[in-house]
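One structure below.
The values are calculated or read from the model by the stated rules, or taken from the named source; none is laboratory data. Bear in mind the structure is a predicted one, so any value in this text is a computation, not a measurement. Reconstructed Cβ throughout: ideal geometry from the backbone, glycine too, with neighbour counts over all protein chains shown.
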Amino acid sequence: MSTALARDAAAAQRAALLADALAGLSAAPKTLPCKWLYDSEGARLFEAITRLPEYYPTRTEMRILAESGAAMARAIGPGAAVVEFGPGDGVKGVQLLRALDRPAAYLPVDIAPEWLEAAAARVAAAFPGLPVRPVVADFTEAFALAGRAEGSATHLGFFPGSTIGNFTPGEAVAFLARARRSLGTGAKLLLGADLVKGRAVLEAAYDDAAGITAAFNLNLLARLNREAGADFALDGFRHRAVWNAARERVEMHLVSQRAQSVRLGGRVFRFAAGETIHTENSHKYRPERLRELAAAGGWREEAMWTDAEGLFSVWLLAA
Ligand code: AVI
């Protein structure tokens, strides 16, 4: 990207952040969209979260991919073009491609070109000769893969990490329906989904002893100070993670430690002591619920793999 284009993209991004923050902080209860957790500092902190002893999803999913990779490859069949939604550093993509029978291509999809580069470079280094075609697109909106498939290869969507859990159920169904349209006829989707489990395990996973998840959550306020000119006092808010059993989701909040005011975009937002900003939902699924969401998005279950403790699930869905 040229410097001028990069500058325009950064300015548009800051304007969108400010608009979302003004809307979210004007709502009752106050909220901020979780997508803004991932600036470069947030992405670094999230990588650290994935290695925490309490945060079981990443290593459990990697174990399922390692242990059941051969069965997945058989169910998927040879020659698939892998389309990974939000590939992060590309580690899971490499693991999947290693298991598959003669994959035809790797197409990582992300809105941020700099993140795509890391995943594309890792995959290209691990599989010389495999066509790697990054797609710059916001996969939370409609996008086309037309003309990108390798010959007649079928698309295998790959959406690991239970990132689907950060969507509301309505958004999850909309994503699944859009993915089905983007991936085209005969497509399959390999989907990671975290499972419902006991409160203690879930709350520890989102409120670790080392305070990394707290730093990840609070970085959202630091980002608003840096990029949107807000004046949040970072010691005036504390991280809270709570399992909402009725809605089967872990919620992250930032709790105001005192009555205080914050300036943002020429406006003043007042907080009562104990008032929270709701920053993220991480839905957990029972298998029957996941099947329902998949069906509503136009997919049917072909197979499901889990770990010995039943912590996490990986689904193969067919269009
Ligand atoms: C990216 N996503 C699947 C993570 C999750 O578990 O919901 C984000 C996260 N938030 C706190 N810890 C991890």
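The C-beta contact set for the stretch 29-45 (first residue in the same structural domain as G274 (by TED's automatic domain parsing) and farther than 11 Å from T279 by Cβ, second residue surrounded by fewer than 16 Cβ atoms within 10 Å (Cβ to Cβ) and among the acidic types (D, E), distance under 9 angstrom, 6+ apart or interchain) comprises S40/E114.
Give the residue that is nearest to E84 (Cα to Cα), with candidates limited to residues of the stretch 149-176 that are surrounded by fewer than 21 Cβ atoms within 10 Å (Cβ to Cβ), within 14 Å of the chain's Cα centre (by Cα) and among the β-branched types (V, I, T). So the residue we want is T163. The residues of the stretch 246-261 that are in a loop (DSSP other than H, G, I, E, B), under 15 Å from T168 (Cα atoms) and hydrophobic (A, V, I, L, M, F, W, C) amount to a single one, A246. Counting the residues of the stretch 20-79 that are among the basic types (K, R) and in a loop (DSSP other than H, G, I, E, B) gives 1.
For L195, the criteria (1) in contact (Cβ under 8 Å) with a residue 60 or more places away in the chain; (2) away from the ligand (no atom under 13 Å from the Cβ) hold in every case but one, which is (2). Look at the stretch 106-134: where a residue is part of a helix (DSSP H, G or I) and a partner is among the basic types (K, R), sitting 6+ places away or on another chain with Cβ atoms under 8 Å, you get A126/R98.
Being of a type outside the set (D, E, K, R) and within 16 Å of the ligand (Cβ to nearest atom) is the filter here, so list the residues in the stretch 160-175 that pass it. Within the stretch 160-175, P160, G161, S162, T163, I164, G165, N166, F167, T168, P169, A172, F175 qualify. Looking only at residues of the stretch 18-62 that are in contact with a Phe, Trp or Tyr (Cβ under 6 Å, 6 or more places away or on another chain) and of a type in the set (A, V, I, L, M), we find that the one that is nearest to the ligand (Cβ to nearest atom) is I49.
Take the conditions (1) within 13 Å of the ligand (Cβ to nearest atom); (2) within 29 Å of L316 (Cα to Cα); T213 misses just one of them, which is (2). When every residue of the stretch 262-280 is checked against the conditions, none turns out to be assigned to a strand (DSSP E or B) and among the small types (G, A, S). Considering the stretch 177-225, and only residues there that are in a helix (DSSP H, G or I) and polar (S, T, N, Q), the residue that is surrounded by the most Cβ atoms within 10 Å (Cβ to Cβ) turns out to be N217. Only one of the numbered conditions (1) in a strand (DSSP E or B); (2) free of Cβ contacts under 8 Å to residues at least 40 places away in the same chain; (3) not hydroxyl-bearing (S, T, Y) is not met by A303, and that is (2).
Of the residues examined, L96 is one that is touching a Leu at 6+ places or on another chain (Cβ under 8 Å), at pLDDT 95 or above and either assigned to a helix (DSSP H, G or I) or within 16 Å of the ligand (Cβ to nearest atom) (or both).
On inspection, G157 fails the criterion of being in contact with a strand residue (DSSP E or B) (Cβ under 8 Å, 6 or more places away or on another chain), within 16 Å of the ligand (Cβ to nearest atom) and modelled with pLDDT of 90 or more.
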